[in-house]
Amino acid sequence: MAAIGNLRHRPARRLTQLYLGLALYGVSMALMIRSGLGLDPWDVFHQGLSRITGLSFGTVTIAVGAVVLLLWIPLRQRPGLGTVSNVVVIGLVVDATLALLPTGGPLWARIGLLVVGIVANGAATGLYLGARLGPGPRDGLMTGYVARRPGRSIRLVRTVIEVTVLALGWLLGGTVGLGTVAYALSIGPLAQLFIPLCAVADPDVDPSGRVAAQPAG
């Protein structure tokens with residue numbers, strides 16, 4: 001299991017970056033929702049559940065995150081502060097942002113919301129993962145499954161999970177469209193750009209991800 005960063009090293013920087021990233025993630029989700037042009041697979045699922053349950057989008061996001069986190073137990077995946085914070089903070093922020101953003105608008109404005117939302121999502125991913133305080137529950141589900149079954153391709157596992165939640169979300173009435181395709185094509189390169197820029201070096205973890213040797217005593 002990969003080591004999860006702790007707060008002995010640069011705690012103020014890590015905490016600030018973590019919560020700024022999670023808040024920006026929630027804002028980016030709200031921007032994509034208000035664009036009405038399509039969401040990423042998990043948010044299509046969240047939106048579909050929100051429509052059939054009558055619960056707010058943020059409430060559904062929190063509930064799904066908590067359920068997914070329970071799935072970590074059989075995988076023996078260890079959550080960090082960032083994992084637990086991810087479940088709560090993003091859902092609260094997305095609801096607050098949706099309350100402030102108007103619905104509708106001309107197509108050019110909605111395209112602008114989509115583009116800004118996708119780029120902000122990539123930056124948010126770099127910020128919160130770069131703090132090294134634990135992955136989100138959905139990412140941890142993927143990495144935990146692959147860690148328990150080393151022969152499985154992480155690309156294949158991620159694809160299966162995301163296609164499954166996308167299909168379920170579409171069947172439940174979630175919005176699939178141009179934004180879904182744009183997100184799928186953009187988020188990988190954006191994450192690859194922002195994660196190294198935002199990564200906080202951890203002296204307890206070497207570049208390969210292994211825990212560095214600790215002094216005796």
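The values are calculated or read from the model by the stated rules, or taken from the named source; none is laboratory data. Bear in mind the structure is a predicted one, so any value in this text is a computation, not a measurement. Surface areas here come from the heavy atoms of the whole protein model, side chains and all, with no ligands, DNA or RNA. Shrake-Rupley method; radii C 1.70, N 1.55, O 1.52, S 1.80 Å.
Grouping the Cα pair distances of segment 1-96 into 5 Å bins from zero gives a pair-distance distribution of 2, 13, 20, 22, 17, 14, 8, 4, 1 percent in increasing distance order. Relative to the dominant Cα principal axis of the chain, helix 137-148 is inclined by about 50°. Using alpha carbons only, how many degrees (0 to 90, rounded to 10) separate the axis of helix 11-35 from the longest principal axis of the chain? For helix 11-35, the angle is close to 20 degrees. Taking the Kirkwood radius as Rh and the Cα radius of gyration as Rg, segment 66-191 has a ratio of Rg/Rh equal to 0.98.
Between 26, 179, 188, the GNM of the chain built on Cα springs shorter than 10 angstrom shows 188 fluctuating the most.
Principal semi-axes of the equivalent ellipsoid, √(5λ) from the alpha carbon gyration tensor of segment 101-160, are 33, 15, 9 Å from largest down. What percent does the relative contact order of the chain come to when contacts are Cα pairs within less than 8 Å and at least six residues apart? Taking the mean separation of contacting Cα pairs over the length of the chain, I get 38 percent. Accessible surface for residue 64 stands near 20 Å², nearest 10, in the context of the full protein assembly shown (1.4 Å probe). Taking amide H atoms as placed 1.01 Å from N in the peptide plane, the amide H of residue 38 lies under 5 Å from those of 179, each 5 or more residues away in sequence or on another chain.
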